[in-house]
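Here the structure is laid out as structure tokens; the discussion comes afterwards.
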């Protein structure tokens, strides 16, 4: 393919972007001592610390004037990744109203961020 220019990416010129993965906060109140549980970073020491971290991470996403969407990782626990909003059996681990409230305010991009 001599002489062919391959473009791997479109240059960033201020267009809105999507965050395809953030979160992953380890929290499993049902875990037994020695379980091989995994999440990003050190797990919170209390449920309130989880909420503070979750609310802060959501705020960073919502406050970014160039971000048009995001995906929290992850919605449900899987085998070793115990960082979901729901347990492995799909029962909620958290107060879902509080989880929703952290994400319900208008995002910066909705307020004319770009």
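Throughout, read-outs are computed from the coordinates displayed, never taken from laboratory work. Keep in mind that this is a model prediction, so the values were computed, not measured. Cβ atoms come from the backbone with ideal geometry, glycine included; neighbour counts cover every protein chain shown.
Some values worked out for this structure:
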read-out	value
Cα long-axis angle, helix 47-63 against the chain (0 to 90 degrees, to the nearest 10)	10
Hypothetical label at residue 111: residues of region 30-73 whose amide nitrogen lies under 17 Å (7 Å Cα-Cβ projection)	56-69
Highest to lowest packing among 38-46, 63-71, scored as the average C-beta count within 10 Å	63-71, 38-46
Rel. contact order, % - alpha carbon contacts under 8 angstrom, at least six apart, region 24-102	34
Computed [θ] at 222 nm, helices only, for the chain once each DSSP H run of length n ≥ 4 contributes -39500 (n - 2.57)	-6000 deg cm²/dmol
Full-extension gain in nm, residue 86 to residue 49, via 0.36 nm per residue minus C-alpha separation	11.6 nm
Additional length obtainable on full extension of the chain from residue 42 to residue 96, 0.36 nm per residue less Cα span	17.2 nm
Antiparallel bridges, percent of DSSP beta bridges restricted to the chain (to nearest 5)	10
Structure-derived Cα Rg over 2.2 N^0.38 Å - corresponding label in [x] 1.25; [y] 1.36; [z] 2.03	[y]
Cα→Cβ-extended label distance, 7 Å offset, between residue 59 and residue 10, nm	3.3
